[in-house]
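Asker: Input: one structure, supplied below.
Since every read-out is calculated from the coordinates, none of them should be taken as a lab result. Since this is a predicted model, take the numbers as computed values, not measurements. With ideal geometry, Cβ positions are generated from the backbone for all residues, glycine too; neighbour counts draw on all protein chains shown.
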Amino acid sequence: MAEDPVWSNIFKKHRVVQENIFSVLKRLPIFQDLGYKELKAVERILHRRTYRADEIIFKEHEPGVGMYIIESGKVNITLGKENKLLVLLSNGDFFGEMALILEGQRTASAIATEPTKLLGFFQPDLFNLLETSPKTGNKILTRLAQMIAERLRLGTIENRQLKTKLNQVKSELDTLKKAKK
Amino acid sequence: MESSIGKTFKYIAVIALIVVVVWLLVLLKFIIALLLVAAVIAYILDPIASFMVARGITRLQSTILIFLIIGTIFGTLLYLLVPSLMVELNFLQEGIGGTQASELLTKLEHTIYETIPVLSGQELNLYDKLQGSLQNLAESFFSIIVDLVSVFSTMIIIPFAVFFILKDGHKMKKNLVGIIPNKYFEMFLNLLHKVDLQLGGYLRGQFLDSLIIGLLAIIALWILGVKYFVLIGIFAGLANMIPYVGPLAGMIIAASVVILNNGSGHEIASVLGAFAIIQLIDNILVQPLVLARSVNLHPLIIIFAIITGGEFFGIIGMLVAIPFTGILKVLSIEIYNSIKRFNMI
């Protein structure tokens, strides 16, 4: 049966796509506190990028200005020239959020491993948002700060554990050296 | 073999394309200039629209609102200023062609004959000469009127373009970013932002500065009862963009008008004083506030920019020469920095 242009939901496809974006965005910790209207404002400033398989998204040591959200596809985060795999990210994951705050060099490379759709959220747009609608911008900024603080906390704990381990190894080495003498 | 022929063909095609594009640009230079002017105006107004959108109205509504506000201001200004502008233009014509002038010139001729007897045998005919040059002036006035027709179409096209650029500029920018290849996309985005930061401050600053100085000059000259105060005020505001020479130019023209109208020394002094005070206000109050991010252009560059602008686009070109040179400077510096930062050279 043909679709009835008056009664059937001919806008459904369109809306479903939009809902998908919103649910993707809503799941992200950085946009957790935003209401529907605010999410819509954020969606308006996101940049939609499409990548081929094996296409480089950004390279280590390049200046970075923002974060990417994976709408669909998979992304490898790698380190160094030998492309040591750090983590494999997929739908709904995000990366590079540190560059939103601190404009600096990327600390790893990101490569799409299959045809991938990304949403880019960039520092200039965040700053514009902070100026035009400070409430929304502040909600994002607070979440961002919490995320980074959490990473820092975990990093500090790991760092401490590593230091104790290093000291242990050092003292063991010393005792070994003394024993040799 | 085949591939080399293909390559040659490709190069020729690319060069042909570039030539065609440049040729079109030259042909359409007037329209392009109009669009650029419209884009700059829309760009200057953009923060107001963004502010309104953030307060909860749509982009279209905010654009219409801005147009209504500006329309009201312009309408009021025209209503107040056009009568005196007309009177001023009439004064200008009568002042040159009237009987007063012929009397004055006859007197002048007599004085010349008396003080320099050698000339007494010759016919000076100063009045005829003046009439001849007036004829020329009238002819060039005619060409100015032809110019005015294009000014009139400009007055319609520019607001039209400003409206749509102001309303859809954000989408246009996003679409532009959308077609940039992935490899250069982040750099391009960053570049846009940097240029925006620099240019926004510069253009909005220049615009505000000119506006304030122009208004101050008009008010001061009106209070002092100087003729042509509207014309001189507008000129002083625009000329203020030119460093060193600009502020002086407005002052000198105002003083000359007073002198030509047999103004007393007291009147001349008060006009000079008014301009000095306006300059002081500009330097101490206005410029530090509005020209926070000024783009320093060398005076030599400014002179050449104005001449080039006049050469290519006439009066409009001369008026917009300085802001556009500023744009070019910021663009080239930021493009260079970005390319360097992203290790492309």
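Asker: For B:LEU60 and A:LEU79, FRET efficiency with R0 = 45 Å and r from the beta-carbon atoms, rounded to 0.05?
Answerer: E between A:LEU79 and B:LEU60, to the nearest 0.05, is 0.40.
Asker: How far is helix A:36-45 tilted off the main Cα axis of chain A, in degrees rounded to 10, range 0 to 90?
Answerer: Taking the Cα atoms of chain A, the angle to A:36-45 is about 80 degrees.
Asker: To the nearest 0.05, how large is the calculated FRET efficiency for B:ASN296 and B:THR8 if R₀ is 35 Å and r is the Cβ-Cβ distance?
Answerer: Given R0 = 35 Å and the Cβ-Cβ separation, E is 0.15.
Asker: I've got another one for you. What Kirkwood hydrodynamic radius do you get for the stretch B:180-345 when you take the inverse of the mean 1/r over all pairs of distinct Cα atoms, in Å?
Answerer: Numbers: mean 1/r = 0.0565 Å⁻¹.
Evaluated over the stretch B:180-345, this radius sits at 17.7 Å.
Asker: For a Förster distance of 41 Å, can you work out the FRET efficiency between the beta-carbons of B:PHE188 and B:ILE277, rounded to the nearest 0.05? Walk me through the numbers on the way to the answer.
Answerer: Working: r = 47 Å, r/R0 = 1.14.
Efficiency at R0 = 41 Å is approximately 0.30.
Asker: Compute the Rg/Rh shape ratio of chain A: radius of gyration over Kirkwood radius, all on alpha-carbon atoms.
Answerer: 1.16
Asker: Using label points projected 7 Å from each Cα along Cα→Cβ, tell me how many nm separate B:ILE157 and A:LYS163, to one decimal.
Answerer: It is 6.9 nm.
Asker: Relative to the present Cα-Cα distance, how much length would full extension add between A:SER72 and A:GLN32 at 0.36 nm per residue of separation? The partial results should precede the final answer.
Answerer: On the way: separation 40, 0.36 × 40 = 14.40 nm, distance 1.98 nm.
Between A:SER72 and A:GLN32, full extension yields 12.4 nm more.
Asker: Based on C-alpha coordinates, I'd like the Rg and Dmax of the stretch B:220-273, in Å.
Answerer: Spelled out, the Cα radius of gyration and Dmax of the stretch B:220-273 are 10.6, 30 Å.
Asker: Could you point to the residue in A:ALA149, A:SER90, A:ALA110 farthest towards the positive end of the stretch A:89-181's charge dipole, with +1 and -1 charges on the Cβ of Lys/Arg and Asp/Glu respectively?
Answerer: Comparing the listed Cα positions along the dipole, A:ALA149 ranks first.
Asker: Evaluate the distance, in nm, between pseudo-label points positioned 7 Å from the Cα of B:LEU224 and of A:ALA149 along their respective Cα→Cβ axes.
Answerer: Placing both labels 7 Å beyond Cα along the Cβ direction yields 6.1 nm.
Asker: Along the Cα→Cβ direction, 7 angstrom out, place labels at B:GLU311 and B:TYR79. What is the inter-label distance in nm?
Answerer: Rounded to a tenth, the inter-label distance reads 4.5 nm.
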